[in-house]
1. Select, from R92, R47, R87, the only residue that is of a type outside the set (A, V, I, L, M, F, W, C), under 19 Å from the mean Cα position of the chain (by Cα) and over 18 Å from T135 (Cα atoms).
2. Inside the stretch 73-94, can you point out the residues that are exposed (fewer than 14 other Cβ atoms within 10 Å of the Cβ) and either without any contact (Cβ under 8 Å) to a residue 40 or more places away in the chain or in contact with a Gly (Cβ under 9 Å, 6 or more places away or on another chain) (or both)?
3. Look at E16 and say whether it is within 17 Å of S119 (Cα to Cα), within 14 Å of the chain's Cα centre (by Cα) and either surrounded by 13 or more Cβ atoms within 10 Å (Cβ to Cβ) or small (G, A, S) (or both).
4. What is the number of the single condition among (1) of a type in the set (D, E, K, R); (2) at pLDDT 90 or above; (3) under 18 Å from E3 (Cα atoms) that R32 does not meet?
5. Report whether or not L84 is part of a helix (DSSP H, G or I), under 19 Å from A18 (Cα atoms), modelled with pLDDT under 95 and aliphatic (A, V, I, L, M).
6. Give me the residue from the stretch 26-44 that is touching a residue at least 60 places away in the same chain (Cβ under 8 Å) and over 15 Å from the mean Cα position of the chain (by Cα) and, out of that set, surrounded by the most Cβ atoms within 10 Å (Cβ to Cβ).
7. Being modelled with pLDDT under 90, outside any strand (DSSP E or B), out of contact with any strand residue (DSSP E or B) (no Cβ under 7 Å at 6 or more places or on another chain) and not hydroxyl-bearing (S, T, Y) is true for just one of E64, E23. Which residue is that?
Amino acid sequence: MFERVLVPLDGSTVGEAAFPVIEQMVDHLAPRTKVEVVLLGVITLSRHWVVVGEASAPVSYTDEEMDLIRQRVCDYLEKTAANLKQRGVVVRTIVHNGNAAEEILKTAEEINADLIAMSTHGRSGLRKLAFGSITDKVLRGSKVPVLMVRGEEGITNEQNPGP
C-alpha cells in the first residue's frame with residue numbers, strides 16, 4: 001500500500017492538478033494506513049539572461065538571489081501543504097536544485113517513495129519535443145508506480161512564487 005507519496009510541484013496551477021486525487025487517496029487510506037506526503041520543489045534555473053540593446057548574456061544568480069528563490073519555493077510548498085496537514089497527514093517538504101526529472105527520480109529513491117503522484121501539462125507533438133516532458137522522463141525512469149494526473153485544458157501555466 002502507499003505509505004510515502006512523492007509529489008513534485010512546479011508552482012503552477014496545472015502542476016497542482018494531482019492534489020484533489022492525492023487528497024481523495026489520503027482520505028481513503030488514512031484511517032488504516034499512516035500516509036506521509038513529500039512535496040518536492042526543484043529549482044531548475046541557476047542563471048538568467050541580461051539584455052542590453054541587441055546584446056544578451058547569461059548571468060548566474062548570486063548566492064543571495066538563490067537563497068531568495070529557495071525561500072520562495074519553501075514558502076510555496078509550506079502553503080501548499082497546509083490543507084493536507086489540516087487533514088492530519090504528515091507532510092514533508094524538500095527543495096533541490098538541478099534537472100527536474102533527475103531530481104524527482106533521485107528523491108523518490110532517497111525517501112523510499114511508494115508512489116510518485118504528479119501532474120502532466122499534456123503536451124504532445126512538437127511542443128513535447130521542444131519542451132521535453134518531465135513526466136515522461138519520470139515515468140520511464142521510475143522504479144515505483146507513477147500516478148499521472150492531466151492538468152485541465154485551458155489552464156495557463158501561471159507561476160506562483162514557486163520553482
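1. Exactly one of R92, R47, R87 is of a type outside the set (A, V, I, L, M, F, W, C), under 19 Å from the mean Cα position of the chain (by Cα) and over 18 Å from T135 (Cα atoms), namely R92.
2. E78, K79, A82, K85, Q86, listed by residue number.
3. yes
4. (2)
5. Judged against the criteria, L84 is a match.
6. For the stretch 26-44, the residue satisfying everything is V26.
7. Numbers: E64 fails: modelled with pLDDT under 90.
That would be E23, the only listed residue that is modelled with pLDDT under 90, outside any strand (DSSP E or B), out of contact with any strand residue (DSSP E or B) (no Cβ under 7 Å at 6 or more places or on another chain) and not hydroxyl-bearing (S, T, Y).
The values are calculated or read from the model by the stated rules, or taken from the named source; none is laboratory data. Computed from a predicted model, the values in this text were never measured in an experiment. Every residue, glycine among them, receives a Cβ derived from its backbone with ideal geometry; neighbour counts consider all protein chains shown.
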